[in-house]
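Just below is one structure, and these are the notes that go with it.
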Amino acid sequence: MAYWIDKQQHINDFISRANQILPEDNPLFFSGSFMSGQTKRPDILFIGINPGHRQWRNIAARKADTQLVAYKASPCQYIEDAKGGNRFAKRVIDIACDGDSDRLTHCAETSLLSYFASPTESVIKAQLKQLPKPMQEEHRQLMELDFVAINPKHIVCIGWRTFDEFIKRYSTPDKINGYQAGRMGHAHLVTKQAPIAINGKDKDVKMMDYYARAEVESIPVHGVRHFSTPLSQAMLEDMRGIFQKIWHDIAADRY
């Protein structure tokens, strides 16, 4: 528990210092949680780039809603989001949990690029770039995952940007098909592909990657095409089958 308490305090301290440096009209935003769900030995650790933010231009609300609070365990965020009708969270349940939201009780979710929310990845990158170099490095270290403390059974990186950055950050040459694959992401791994219409036009069809598998620190790492992007029926059906196998393996691991 000390790891989670100390990390939360470090995040609170960082954002307090950072917002004294950043422009008054461009503060960092933190919801108060850097990882939700079963944080110790989760069945699946879901990883995204960083939390989204839909009312970014409301500066007063952004400041008022930032939560600098002590660490408190909370259910996986996808559970609440799905109940509220969030399309992405509902897809996580449909595709990755075989339609069973109860499975999220034993899962966790977190972010790779930053725990601070933004409307796009480029926005949080631009904010962090305005900080002094030592603080940029501090933030990078703050985002490091402690595989010993979390010890997930499986990791799912949602979106190729997340998967590629995760592999680049954590892989070693002996873990994933050699140095090139370990450092350059899904483009140098064997991926599953399927045709999908671009811009909704049947005549404009392109083969797109939708799944890749790797291993880091002896943990299976699954990369998937982002669930918020268009997915063909063939992609959906095959990914559901892949995750059914993952859950079968997780169940077998309990005995």
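The values are calculated or read from the model by the stated rules, or taken from the named source; none is laboratory data. Computed from a predicted structure; not experimentally measured. As a convention, Cβ positions derive from the backbone with ideal geometry for all residues, glycine included, and neighbour counts pool all protein chains shown. Keep in mind that these areas ignore ligands, DNA and RNA; they rest on the heavy atoms of the full protein, side chains included. Shrake-Rupley method; radii C 1.70, N 1.55, O 1.52, S 1.80 Å.
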Practice task
Please give, to one decimal in nm, the separation of the simple spin-label points placed at Ala2 and Lys125, each 7 Å out from Cα toward the Cβ.
Solution key: 3.8
Practice task
Using the Karplus curve 6.51 cos²θ - 1.76 cosθ + 1.60 with θ = phi - 60°, work out ³J(HN,Hα) for each residue of the stretch 159-170 in order, rounded to whole Hz, and write x for Gly and Pro.
Solution key: x, 5, 4, 5, 4, 4, 5, 4, 4, 4, 7, 10
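Counting only trypsin sites (Lys or Arg not before Pro) that are in a DSSP loop and have at most 12 other C-beta atoms within 10 Å, tell me the longest site-free stretch of the chain. Write down the numbers at each step before the final one.
Working: sites that count: Arg54, Arg57, Lys72, Arg254.
Maximal segment without exposed cleavage sites: 73-253.
Over the chain, give the accessible area per residue in Å² for a 1.4 Å probe, as an integer.
On the way: 13030 Å² over 255 residues.
On a per-residue basis, 51 Å².
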Practice task
Enumerate the lysines that Lys206 could reach by cross-link, defined here as Cα to Cα under 23 Å, with residues fewer than 8 away along the same chain left out.
Solution key: Lys192
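Out of the total accessible area of the chain (probe 1.4 Å, heavy atoms of protein only), what percent is carbon and sulfur?
On the way: 6640 of 13030 Å².
About 51 percent, which is the carbon plus sulfur part of the accessible surface.
Report Rg/Rh for the chain, rounded to two decimals, where Rg is the Cα radius of gyration and Rh the Kirkwood radius. The partial results should precede the final answer.
Numbers: Rg = 18.6 Å, Rh = 19.3 Å.
So for the chain, dividing Rg by the Kirkwood Rh gives 0.96.
What per residue convex hull volume, in Å³, do the alpha-carbon atoms of the stretch 95-174 yield? If you can, show how the numbers build up before the last one.
On the way: hull volume 11.6 nm³, N = 80.
So the per-residue Cα hull volume is 145 Å³.
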Exercise for the section: Of all alpha-carbon pairs in the stretch 40-87, indicate the percentage at a distance above 16 angstrom. Expected result: 62
Problem - Helix-only CD estimate at 222 nm, as mean residue ellipticity for the chain, using -39500 (n - 2.57) per DSSP H run (n ≥ 4) - result: -11500 deg cm²/dmol
Exercise for the section: Per residue, how big is the convex hull around the C-alpha atoms of the stretch 1-134? Give it to me in cubic angstrom, could you? Expected result: 114
